[in-house]
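Please read the structure below before turning to the comments.
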Amino acid sequence: MPTYIGFSTIQANQPRSTNANSGNNGGPGNLVKPISYGNKFKIVDEQLVLRDFLNALNIPLGQKVGQPQYGTTIWSFVFEPNTSDTQYQLENEIRRIAGLDPRIQLGYVKAFPKLNGILLEVQMAVNPFNNPSVISIFFNPANNSAVLQ
């Protein structure tokens, strides 16, 4: 089973308190209590595949170094009118991105407008588990991110 153990970059640029004693010259931390930056987390199996899928949705097409086919053009549809043609193109783009990852098996994809953004409802299963689940992904133009709802 695939397992990734690493450091989370979510809210990594937010200030946090260390609650550590002052070290030499008034600096934070000391040899007994070093400061640990970042949050340790563990993602396993289906969570890992879902995180990879969200990462692909957050990267504009052609922005990943050495992989110009990686990423999405969904951000160009955010301010487009909600027509059947636009929804069809959104569904095709999601299917293209999911097709880049052999671990993902898609069921249906639906697109809805929501708060000047796009709400996608995607039924997907992760191979080899094949437990279909429905996830909702919101593309927020205010902060240019795709997040699970």
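Some points to look at:
- Filter pass, Asn116 being at pLDDT below 85 and of a type outside the set (Val, Ile, Thr): yes
- Meets criteria (polar (S, T, N, Q), over 25 Å from Asp45 (Cα atoms) and assigned to a loop (DSSP other than H, G, I, E, B)) for Asn92: no
- Exclusive hit being touching a strand residue (DSSP E or B) at 6+ places or on another chain (Cβ under 8 Å), free of Cβ contacts under 8 Å to residues at least 40 places away in the same chain, surrounded by 15 or more Cβ atoms within 10 Å (Cβ to Cβ) and in the same structural domain as Leu120 (by TED's automatic domain parsing), set Ile94, Ile74: Ile94
- Scoring Thr86 on the criteria (1) among the hydroxyl-bearing types (Ser, Thr, Tyr); (2) out of contact with any Asp or Glu (no Cβ under 6 Å at 6 or more places or on another chain); (3) under 21 Å from Ala142 (Cα atoms) leaves a single failure, condition (2).
- Some residue of region 100-115 being more than 20 Å from Gln149 (Cβ to Cβ) and in contact with a Ser or Thr (Cβ under 8 Å, 6 or more places away or on another chain): no
- Region 103-124 residues that are farther than 21 Å from Asn82 by Cα, paired with ones that are surrounded by 15 or more Cβ atoms within 10 Å (Cβ to Cβ) and β-branched (Val, Ile, Thr) (beta carbon under 6 Å, 6 or more apart): Arg103/Val49; Arg103/Val126; Met124/Ile104
The values are calculated or read from the model by the stated rules, or taken from the named source; none is laboratory data. No experiment lies behind these values; they were computed from the predicted model shown. Every residue, glycine among them, receives a Cβ derived from its backbone with ideal geometry; neighbour counts consider all protein chains shown.
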